[in-house]
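Peer 1: For reference, the structure I am asking about is given below.
The values are calculated or read from the model by the stated rules, or taken from the named source; none is laboratory data. None of the values given here were measured: they were computed from a predicted structure. Cβ placement follows ideal geometry from the backbone for every residue including glycine, while neighbour counts extend to all protein chains displayed. Heavy atoms of the whole protein, side chains included, go into the accessibility calculation; ligands, DNA and RNA do not. Shrake-Rupley method; radii C 1.70, N 1.55, O 1.52, S 1.80 Å.
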Amino acid sequence: LGIPSVPTKLADRRVSRKIQVGTVAVGGDAPVSVQSMTTTRTSDIGATLQQIAELTASGCQIVRVACPTQDDADALATIARKSQIPVIADIHFQPKYVFAAIDAGCAAVRVNPGNIKQFDDKVKEIARAANDAGTPIRIGVNAGSLDARLLQKYGKATPEALVESALWEASLFEEHGFSDIKISVKHNDPVVMVNAYRQLAAACDYPLHLGVTEAGPAFQGTIKSAVAFGALLSEGIGDTIRVSLSAPPVEEIKVGLQILESLNLKQRRLEIVSCPSCGRAQVDVYKLAEEVTAGLDGMEVPLRVAVMGCVVNGPGEAREADLGVASGNGKGQIFVKGEVIKTVPESKIVETLIEEALKIAEQMEKDGIPS
Ligand code: SF4
């Protein structure tokens with residue numbers, strides 16, 4: 001009898017059509033991408049580009065900017081040209097800014113069917129302009145701004161209402177031969193949101209942008225997003241994600257990347273395997289884990305470091321990791337690739353782990369292990 005292999009993924013990706021958001025492919029076999037949105041006034045070009053640079057450095061792949069005024073629309077061309085990552089213009093209420101964003105060379109435009117008044121008679125022109133420029137459109141339905149007609153029909157923003165709104169809007173574009181579309185159906189309740197995306201995924205083959213809208217402050221929003229995205233991505237649903245937090249956008253990217261890494265949808269980087277500590281702990285595990293995490297911050301190679309409080313699970317986890325420590329009796333046994341390489345006093349555990357981690361990382365880079 002052979003030992004069964006450990007599955008490394010949860011489900012095959014849903015088959016979606018691929019669109020191109022600037023340099024980033026979304027859908028099809030493209031990796032699930034992570035995006036965020038700037039919080040600066042878009043018309044403040046310097047501040048917006050500075051925030052985009054910070055987002056890019058943190059791993060953001062696509063960025064969205066709001067465009068509520070003519071000054072913002074006027075800034076789009078410079079921002080789109082100077083940004084290192086594709087820029088999506090986020091348009092509500094005013095169809096004229098959709099044309100401005102397309103003309104400005106934005107990588108895509110997000111429209112909200114519930115908020116674009118006089119939109120329907122403009123679809124033909126928008127479809128033509130977007131098609132000529134090769135600019136995809138995201139149909140971004142949001143529970144908080146659902147089309148009044150559907151709100152009346154369903155009584156509230158149910159999954160069915162969100163999906164009907166999105167598909168209706170998509171059908172208007174399809175009538176004009178335009179299908180360079182991705183869709184989102186966001187709700188602040190992960191259960192409603194998951195059900196909406198499941199229905200949408202079954203009803204079309206457009207790539208899907210996942211989001212729990214208005215998910216809340218960092219802690220709550222992180223949990224809601226992780227639960228909802230985890231459910232959908234583990235079923236193969238979702239092509240790009242945006243975590244919405246009442247927190248700086250870089251935090252959204254950290255959470256988004258961690259969600260993808262946790263699901264093996266992105267190469268894992270530094271991973272700290274640390275125990276929760278208990279009555280058996282013989283070191284301050286929290287302090288040790290925090291100090292090791294801080295010392296290795298920014299490491300891009302897929303390094304697994306085990307920080308364990310005692311000899312119950314310590315040696316086992318430390319042996320399985322690239323690097324680890326099993327602590328006890330004021331000392332730490334340091335493991336590298338499953339072997340004990342030395343035993344150091346407790347006061348030297350952190351510096352030894354960091355030293356060894358840097359050596360392993362250097363070797364991994366030399367060996368060409370992708371970061
Ligand atoms: Fe407790 Fe030891 Fe397990 Fe940590 S490794 S939780 S200290 S038993």
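Peer 1: Tell me, rounded to the nearest percent, the portion of alpha carbon pairs in region 81-240 spaced more than 24 Å apart.
Peer 2: 33
Peer 1: Using Cα atoms only, what is the angle between the long axis of helix 218-234 and the major principal axis of the chain, expressed in degrees (0 to 90) to the nearest 10?
Peer 2: Result, in degrees: 80.
Peer 1: Using a 10 angstrom Cβ neighbour count of at most 16 plus a DSSP loop assignment to flag exposed trypsin sites (Lys or Arg not before Pro), which longest range of the chain is free of such sites?
Peer 2: With trypsin sites (Lys or Arg not before Pro) excluded where exposed in loops, the chain gives 157-267 as its longest stretch.
Peer 1: Shifting gears a bit: When Rg is the radius of gyration of the Cα atoms in region 1-112 and Rh is its Kirkwood radius, what does Rg/Rh come to? Could the numbers behind the result be given before it?
Peer 2: Values: Rg = 17.5 Å, Rh = 15.3 Å.
Ratio of gyration radius to Kirkwood radius: 1.14.
Peer 1: Another question, then. Keeping all protein chains in place and using 1.4 angstrom, which order do C275, C60 fall into by accessible surface area, from largest down?
Peer 2: C275, C60
Peer 1: Give me the percent of the accessible area of region 217-302 that comes from carbon and sulfur atoms, probe 1.4 Å, all protein chains in place.
Peer 2: Solvent-exposed carbon and sulfur of region 217-302 make up 55 percent of the total.
Peer 1: Sticking with this one: If you restrict to DSSP beta bridges whose two residues both lie in region 1-113, what percentage is antiparallel, to the nearest 5?
Peer 2: Around 20 percent of the beta bridges assigned by DSSP in region 1-113 are antiparallel ones.
Peer 1: While we're on this one: Considering the options V111, P248, Q35, tell which one lies farthest towards the positive end of the dipole of the chain, charges being +1 on Lys and Arg and -1 on Asp and Glu at the Cβ, about the Cα centre.
Peer 2: V111
Peer 1: Can I ask one more? For the chain, give the share of DSSP beta bridges that are antiparallel, in percent and rounded to the nearest 5; count only bridges with both residues there.
Peer 2: 30
Peer 1: Separate question: Against the longest principal axis of the chain, how steep is helix 70-82, in degrees 0 to 90 to the nearest 10, with axes from Cα atoms?
Peer 2: Taking the Cα atoms of the chain, the angle to 70-82 is about 50 degrees.
Peer 1: Percent antiparallel among DSSP beta bridges with both residues in region 51-112, to the nearest 5? Could you put the intermediate results ahead of the total?
Peer 2: Working: 0 of 8 bridges.
Of the beta bridges lying entirely in region 51-112, close to 0 percent run antiparallel.
Peer 1: How much of the accessible area of region 55-196, in percent, comes from carbon and sulfur atoms when a 1.4 Å probe is used?
Peer 2: Its accessible area is 48 percent carbon and sulfur atoms.
Peer 1: For region 166-301, state the average projected area of the convex hull of the C-alpha atoms over all orientations, rounded to one decimal in nm².
Peer 2: The number I arrive at for region 166-301 is 10.6 nm².
Peer 1: Let's see if you can work this out: charge +1 on each Lys and Arg Cβ, -1 on each Asp and Glu Cβ, no other charges. What is the dipole magnitude of the chain about its Cα centre, in debye to the nearest 20?
Peer 2: Computed about the Cα centre, the dipole is about 420 debye.
Peer 1: For every helix of n ≥ 4 consecutive DSSP H residues, a contribution of -39,500 (n - 2.57) applies; sum these over the chain, divide by its total residues, and give [θ] at 222 nm rounded to the nearest 500 deg cm²/dmol.
Peer 2: Calculated from helices alone, the mean residue ellipticity at 222 nm is -13000 deg cm²/dmol.
Peer 1: Return one number: the angle in degrees, 0 to 90 and rounded to the nearest 10, between the long axis of the Cα atoms of helix 285-295 and the longest principal axis of the Cα atoms of the chain.
Peer 2: Once rounded, one gets 60 degrees.
Peer 1: Here is a follow-up. Might you report the magnitude of the Cβ-based charge dipole of region 271-371 about its Cα centre, with Lys and Arg at +1 and Asp and Glu at -1, to the nearest 20 debye?
Peer 2: Its charge dipole is roughly 440 debye.
Peer 1: Farthest toward the dipole's positive end in the chain, which of A25, A148, V273, given Cβ charges of +1 (Lys, Arg) and -1 (Asp, Glu) about the Cα centre?
Peer 2: A148
Peer 1: Follow-up. Per-residue HN-Hα couplings for region 91-99, Karplus 6.51 cos²θ - 1.76 cosθ + 1.60 at θ = phi - 60°, whole Hz, x for Gly and Pro?
Peer 2: 10, 10, 6, 10, x, 4, 6, 5, 5
Peer 1: So, one more: Per residue, how much accessible surface does the chain expose to a 1.4 Å probe? Answer in Å², no decimals.
Peer 2: Counting only protein heavy atoms, the per-residue value for the chain is 46 Å².
Peer 1: Work out the P(r) tail for region 259-371: percent of alpha carbon pairs separated by more than 17 Å, whole number. Before the final figure, lay out each step's value.
Peer 2: Values: 3169 of 6328 pairs.
Above the 17 Å cut-off, region 259-371 has 50 percent of its Cα pairs.
Peer 1: Report the rotationally averaged projected area of the chain based on its alpha-carbon convex hull, in square nanometres.
Peer 2: Details: hull surface 87.4 nm².
Projected area, direction-averaged: 21.8 nm².
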